[in-house]
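Student: Handing you this structure, nothing more for now.
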Amino acid sequence: MIEGRCHCGNLHWSYEGDPGEATACNCTVCRRYGVLWIYGWVGEEIRTSGESRYYARDERNIEFHFCPTCGNVGWWRGHHPHSDGRTRIAVNIRLAEPEAVGQLPVRHFDGLGAFEDLPSDGRCVADMWF
Ligand SMILES: [Zn+2]
């Protein structure tokens with residue numbers, strides 16, 4: 001299990017299983033937050049706790065949840081569940097300890113332009129940590 005906690009300790013997330021890779025996205029939101037994501041479903045491999053607030057550009061879209069005390073971004077989640085009742089979520093692995101996630105390969109996603117994966121450059125999370 002991988003766990004993340006915001007700087008003040010209010011927000012906590014856990015991820016059960018192997019996420020396989022971490023996603024770096026260059027979209028207008030992610031590039032500002034500087035986040036790295038691993039994906040799952042609410043209440044399945046990913047669980048969250050702590051009182052968060054969220055930002056959503058519009059209410060049909062996704063919610064970016066952050067800690068109202070320390071400001072760290074903990075996760076995004078769908079504003080509405082999918083048709084099967086499951087809700088998509090991704091947690092920010094920058095809230096995890098480096099040794100827990102450092103070896104995950106990084107998937108570069110062009111969320112700004114083509115909205116598809118970019119070719120792998122062979123880097124892992126530890127290469128992008130700073
Ligand atoms: Zn906090």
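Just so you know, all these numbers are worked out from the coordinates, no wet-lab data involved. As the structure is a computational prediction, the values presented were derived from the model and not from experiment. Positions of Cβ are backbone-derived with ideal geometry, glycine not excepted, and every protein chain shown enters the neighbour counts.
Student: Is at least one residue of the range 91-98 surrounded by fewer than 17 Cβ atoms within 10 Å (Cβ to Cβ), closer than 16 Å to S14 by Cα and within 15 Å of the ligand (Cβ to nearest atom)?
Tutor: Checked the range 91-98: no residue is surrounded by fewer than 17 Cβ atoms within 10 Å (Cβ to Cβ), closer than 16 Å to S14 by Cα and within 15 Å of the ligand (Cβ to nearest atom).
Student: Suppose the filter is more than 16 Å from the ligand (Cβ to nearest atom) and either in a strand (DSSP E or B) or in contact (Cβ under 8 Å) with a residue 40 or more places away in the chain (or both); does A114 pass it?
Tutor: no
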